[in-house]
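The values are calculated or read from the model by the stated rules, or taken from the named source; none is laboratory data. Computed from a prediction, not measured in an experiment: that's the story for all the values here. So basically every Cβ, Gly included, is an ideal-geometry build from the backbone, and we count neighbours across all protein chains shown. In case anyone asks, the SASA skips ligands and DNA or RNA and just uses the protein heavy atoms, side chains included. Shrake-Rupley method; radii C 1.70, N 1.55, O 1.52, S 1.80 Å.
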Amino acid sequence: MPGYKLYYFNVRGRGELSRLILHYAGVPFDDFRFEGKDWPAFKSKMPFGQVPVLEVDGEKMLAQSHTIARYLARQHGLAGQNDWEQSQADMYVDCIYDLHGAMRTPTWETDPVKQKELFDKVNQDTIQPHLEKVEQHLVKNGGGHLVGQGLTWADIAYYAYFTTPIMTRLGGEVLTKAPHLKKLIETVGNNPNIQKYVETRPVTSG
Amino acid sequence: MVHYKLIYFNLRGRGELARLVLHHQEVAFEDFRFEREEWPKYKAGTPFGQAPVLEVDGKPLAQSNTIARYLARQHGLAGQNEWEQSQADMYVDCIYDLITGTRPIIYETDKEKQKEILQKFLKETVNPHLEKLEQQLIKNGTGFLVGKSITWADLAYYSFFSPMTERFGDSVIDNSPHLKKLVEHVANIPQIKKYVETRPKTTL
């Protein structure tokens, strides 16, 4: 079994997807977290001065949150059953990356009134249109999952980013018109390995 | 023989990497381009209301990097093993972030403000990245980003930095001799050169 060390801030953010994949798959790893003030000590050691970074067997480093998550998903059977399914999963995770990106500007807005306006706009212009399409795809795929007939890292990604930051910022109502996705997110959340991890992980702001 | 149809604006933008992968590997495909005004006609038919989309024997795949990765993997340009594939993914993700960073610059109409935003972007985002990139290129020692031969990651860096230098000057990568050499190498690959000479001329 390879030795994994995942370097990231002590937040969920862009590291949580990889943590969830490893917990779901029952793969032990060193969940190395540091506080913001300790970041300068690690920054220069990272391939691109950013985190998360996955260190494998103490020697090789991999950067970029979704590259890490894809690598782990592929290593541990969560990437899809064939090349096409793997690409479908990649596609959904890219969509989530874009939704997360759209949430960032409103997140940094300090005026609470303006912030709410910006979040409402992201919801209306970006999230809801995306959900409309995802619902159609889920219905067409027929099995409750985004890709194929079993769980992939794409399902975990929607769980991860909808629980944080989309629902933490916009509330559960964001999924009112997306009952199939809502059910999928609940299904992932109810997985015993995920549940156990979520109950015991550090409580963080984001 | 699989039929590929790449559907995108008549721009380089986020469609060009997939085109470069296919041209580099000399794989035939339908390079379907439309003008901005025609987009509403096609939007509803795409998986997420966005382009590019790749149709593989009619089955749609969305998201620019997913498309380029799929084509790279199908046609031997993704890396020699799983670790190399992930290294290539990592580099392409870096480029994706840089592309996103150029959007405020491209859409800024005030020339003075545009210059300011560009300088900030180069100083705070591009240059620190290039510093690390040079170290990685030196460490890899082959001239390529990953392993011993070209991958879609090298094409991604060419695809981003070639237009950047055209538009904003060679100084963008002056302090990155290894990247500069890589970009020149890709530009001079016969199939890439031929495609670049004959492709539609577009602003982006």
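The table below lists the values:
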{"quantity": "Count of residues meeting criterion [part of a helix (DSSP H, G or I), among the polar types (S, T, N, Q), out of contact with any helix residue (DSSP H, G or I) (no Cβ under 6 Å at 6 or more places or on another chain) and more than 20 Å from A:PRO165 (Cα to Cα)] in the stretch A:69-110", "calculated": "3"}
{"quantity": "All helices (runs of 4 or more DSSP H) inside the stretch B:1-103 with 2 or more residues being buried (at least 24 other Cβ atoms within 10 Å of the Cβ) and not charged (D, E, K, R)", "calculated": "B:16-24, B:64-74"}
{"quantity": "When residues of the stretch A:36-53 are limited to those that are assigned to a loop (DSSP other than H, G, I, E, B) and among the small types (Gly, Ala, Ser), the one surrounded by the most Cβ atoms within 10 Å (Cβ to Cβ)", "calculated": "A:GLY49"}
{"quantity": "Identity of the residue in the stretch A:35-53, of a type in the set (A, V, I, L, M, F, W, C) and touching a Phe, Trp or Tyr at 6+ places or on another chain (Cβ under 6 Å), that ends up farthest from the other protein chains (Cβ to nearest Cβ)", "calculated": "A:VAL51"}
{"quantity": "Residue among A:LEU6, A:LEU22 that alone is away from chain B (no Cβ under 13 Å), outside any helix (DSSP H, G or I) and touching a residue at least 24 places away in the same chain (Cβ under 8 Å)", "calculated": "A:LEU6"}
{"quantity": "Candidates B:THR198, B:THR151, B:THR142 - the one that is open to solvent by 60 Å² or more (accessible area, probe 1.4 Å), within 22 Å of B:HIS24 (Cβ to Cβ), modelled with pLDDT of 95 or more and among the hydroxyl-bearing types (Ser, Thr, Tyr)", "calculated": "B:THR198"}
{"quantity": "Test set (1) within 16 Å of the chain's Cα centre (by Cα); (2) over 28 Å from B:GLU30 (Cα atoms); (3) more than 12 Å from chain A (Cβ to nearest Cβ) - B:GLY101 fails condition number", "calculated": "(3)"}
{"quantity": "Condition check for A:HIS66: assigned to a helix (DSSP H, G or I) and either in the same structural domain as A:PHE42 (by TED's automatic domain parsing) or among the acidic types (Asp, Glu) (or both)", "calculated": "yes"}
{"quantity": "Filter pass, A:VAL147 being surrounded by 18 or more Cβ atoms within 10 Å (Cβ to Cβ) and assigned to a helix (DSSP H, G or I)", "calculated": "no"}
{"quantity": "Sole exception among (1) at the interface with another protein chain (Cβ under 10 Å from one of its Cβ atoms); (2) touching a His at 6+ places or on another chain (Cβ under 7 Å) for A:LEU99, by number", "calculated": "(1)"}
{"quantity": "The stretch B:166-195: number of residues that are out of contact with any Leu (no Cβ under 9 Å at 6 or more places or on another chain), closer than 26 Å to B:ILE105 by Cα and surrounded by 16 or more Cβ atoms within 10 Å (Cβ to Cβ)", "calculated": "2"}
